[in-house]
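First up is the structure itself, then whatever we jot down about it.
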Amino acid sequence: MTVMPSIAPEIFKAYDIRGIVDRTLTVEAVTSIGRALGAEAVARGQSAIVIGRDGRLSGPALAVALADGIRAAGVDVIDIGCVPTPLTYFAAYDLGTMSCVSVTGSHNPPEYNGLKMVLGGETLYGPKIQDLRRRVEEGDFTSGSGRLSHAAVGESYVRHIAADVKLARPMKIVVDCGNGVAGNYAPTLFHALGCEVLPLFCE
């Protein structure tokens, strides 16, 4: 068991891992967290984890670091790219992994980013997040060579919602996505529900 360099304890919150990029939440820290998460996945009999990320500029580098850590633990990674957080949760179900991580800063300012995690259908929070911190600090990892693959689940997500939601009458709506990641999906989704859509800032 290798003792790892110290990691900022304050990034391990009650419901997620979150910090200021390149200060408390570094690429090295996220790689170590990925190794800890992968080791926990192995302990639970999980073999693959989906990774999705929001539109923050720090997202791509952190997602790569996370994937590297998870794969070093011997767990496969399925990268679904830049997607809304709910779509990451859906992908865990749709792709059959039941495990996922959303790299997202949620409502926080742009200098922040973080990780929201699900393993085997269980959202990690409270003591489970502190268990990951312990694994990182103690170097309590597994070793292996997980595979990396990519998947697109947007069309499946839209189909599932359109099958579940039936509008009482057609509507004409304006969708303003503020040029966020939802712009890749919201207009298509509302079209599928039978709406006439006027998109704004969906690039």
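The values are calculated or read from the model by the stated rules, or taken from the named source; none is laboratory data. Quantities reported herein were computed from a predicted structural model and do not represent experimental measurements. For neighbour counting, all protein chains shown are included, and Cβ atoms are generated from backbone atoms with ideal geometry for every residue, glycine included.
Listing for the model above:
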{"quantity": "Exclusive hit being in a helix (DSSP H, G or I) and free of Cβ contacts under 8 Å to residues at least 60 places away in the same chain, set 178, 183", "calculated": "183"}
{"quantity": "Residue match in region 167-174 (condition: without any contact (Cβ under 8 Å) to a residue 24 or more places away in the chain and over 19 Å from the mean Cα position of the chain (by Cα))", "calculated": "yes"}
{"quantity": "Test: residue in region 135-154 that is polar (S, T, N, Q), in contact with a helix residue (DSSP H, G or I) (Cβ under 8 Å, 6 or more places away or on another chain) and outside any loop (DSSP other than H, G, I, E, B)", "calculated": "no"}
{"quantity": "Identity of the residue in region 67-92, closer than 17 Å to residue 143 by Cβ and hydrophobic (A, V, I, L, M, F, W, C), that ends up surrounded by the fewest Cβ atoms within 10 Å (Cβ to Cβ)", "calculated": "72"}
{"quantity": "Lone unmet requirement of (1) crowded, with 24+ Cβ neighbours inside 10 Å; (2) over 12 Å from the mean Cα position of the chain (by Cα); (3) of a type outside the set (A, V, I, L, M, F, W, C) for residue 52", "calculated": "(2)"}
{"quantity": "Residue match in region 93-106 (condition: surrounded by fewer than 23 Cβ atoms within 10 Å (Cβ to Cβ), farther than 15 Å from residue 11 by Cβ and touching a Phe, Trp or Tyr at 6+ places or on another chain (Cβ under 8 Å))", "calculated": "yes"}
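Residue-wise test of (1) surrounded by 13 or more Cβ atoms within 10 Å (Cβ to Cβ); (2) over 27 Å from residue 81 (Cα atoms); (3) not aliphatic (A, V, I, L, M).
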{"site": "124", "(1), (2), (3)": "yes, no, no"}
{"site": "129", "(1), (2), (3)": "yes, no, no"}
{"site": "138", "(1), (2), (3)": "yes, yes, yes"}
{"site": "151", "(1), (2), (3)": "yes, no, no"}
{"site": "155", "(1), (2), (3)": "no, no, yes"}
{"site": "158", "(1), (2), (3)": "yes, no, no"}
{"site": "161", "(1), (2), (3)": "yes, no, no"}
{"site": "167", "(1), (2), (3)": "no, yes, no"}
{"site": "171", "(1), (2), (3)": "no, yes, no"}
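Okay, residues lined up against (1) exposed (fewer than 12 other Cβ atoms within 10 Å of the Cβ); (2) of a type outside the set (Phe, Trp, Tyr); (3) assigned by TED's automatic domain parsing to the domain that holds residue 36:
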{"residue": "132", "(1), (2), (3)": "no, yes, yes"}
{"residue": "146", "(1), (2), (3)": "no, yes, yes"}
{"residue": "175", "(1), (2), (3)": "no, yes, no"}
{"residue": "196", "(1), (2), (3)": "yes, yes, no"}
